[in-house]
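Structure first, commentary second.
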Amino acid sequence: MQGGLEGYDLIGDVHGCGATLGSLLERLGYHRRGGVYRHPRRKVIFLGDLIDRGPRIRLAVSIARRMVEEGEAHIVMGNHEYNALAYCHRAPDGLGREWLREHTPRHNRIIKETLEQYRDHPQEWEEALAWFLEIPLCLELDGLRVVHACWDQPLVDALRSEHPDGRIDEAFLAASVVPGTREFRILDRLTRGTHLPLPEGVEIQSGDGFTRRSFRAHFWARQPQTWGDVIFQPDNLPDDLERRELSAEERARLSYYGPEQPPLFIGHYWCEGVPALPAANVACLDYSAVKFGRLVAYRWSGEPRLDANHFVWIRVPREEEARPQPWEIDFD
């Protein structure tokens, strides 16, 4: 690492817990100067999903955006930033709908808190959307890799072949909502990971209030045999489905990230409990902050093998929404 940089502090899905984000940054030794959190020897990498669900979405976006713009942080796009872009961009002629992401009750519910908190600040929301479009889908720097949900090397290579910096444009965004396109495959895998469908008629009543007919699968099992070998979410599969054998088609859909690969940091999977490493070179930093879990960081200083002792976290207090923070950034 150059320029006296000691390392990176990678921070998982914030989901609008802006006050807790400020507290975590202070715990990590960052202090506000000129309205921006700074550290003399380290930088932050945000893993995406700054928005939706939480009580201080504008604050979370403002903290992260100012740090990125001032060179104090990097960020990768989460599926919620992508969802917001598609939800707020009109569809081109011929797609058969008004918006890239249809305004269904389910989609409306996901973005509801974000739109409400920006309702009286339309210019700020337009600026936030423009910034979201500048966020890369993945990062590779100084011996580490960062992506919101899944590092799939062939798809990363496909992205970089036309977008070397990992940033998409409006044409890519429009193509990404059409299943079967390369753009769809790239965005879906990198920001959402792999979902395996449940049997007909089987549903999961998820802890976040949604009914799901698929489950999230991870990508570091060398030769997985059963659904239980790859499931990666807090919701258990019903009955004995974890013992169900993976079909050849399901195995073909899975990505694989081997132990010889560089350290990889992901979010997305709303883990629970005390942060732990699912693999020696993989760290998931999403610990359900918005569900009063933990907002988690990993202090990486160049180590090729990750160490669970390098996790730093703050429990998200239930009173965050009600308690004003004297240090909150003035937006207007």
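A count restricted to region 79-104 and to residues that are assigned to a helix (DSSP H, G or I) and of a type in the set (Asp, Glu) stands at 1.
Conditions (1) under 23 Å from Pro317 (Cα atoms); (2) of a type outside the set (Asp, Glu), marked per residue:
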position	(1), (2)
Gly16	yes, yes
Tyr30	yes, yes
Phe46	yes, yes
Ser62	yes, yes
Glu70	no, no
His80	yes, yes
Cys88	no, yes
Ala91	no, yes
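The residues of region 109-139 that are open to solvent by 20 Å² or more (accessible area, probe 1.4 Å), in contact (Cβ under 8 Å) with a residue 60 or more places away in the chain and under 15 Å from Gly48 (Cα atoms) amount to a single one, Leu139.
Taking the criterion of being surrounded by 22 or more Cβ atoms within 10 Å (Cβ to Cβ), of a type in the set (A, V, I, L, M) and not in a loop (DSSP other than H, G, I, E, B), the residues of region 265-309 that qualify are Ile266, Ala283, Ala289, Val290, Leu295, Val296, Ala297. Scanning region 190-213 for residues that are open to solvent by less than 30 Å² (accessible area, probe 1.4 Å) and more than 17 Å from Tyr287 (Cα to Cα) returns Leu190, Thr194, Leu196, Leu198, Ile204, Phe210.
The values are calculated or read from the model by the stated rules, or taken from the named source; none is laboratory data. Not measured: the values here are computed from a predicted model. Counting neighbours? That spans all protein chains shown, and the Cβs are built from the backbone with ideal geometry, glycine included. All accessible areas refer to the heavy atoms of the entire protein, side chains included, with ligands and DNA or RNA removed. Shrake-Rupley method; radii C 1.70, N 1.55, O 1.52, S 1.80 Å.
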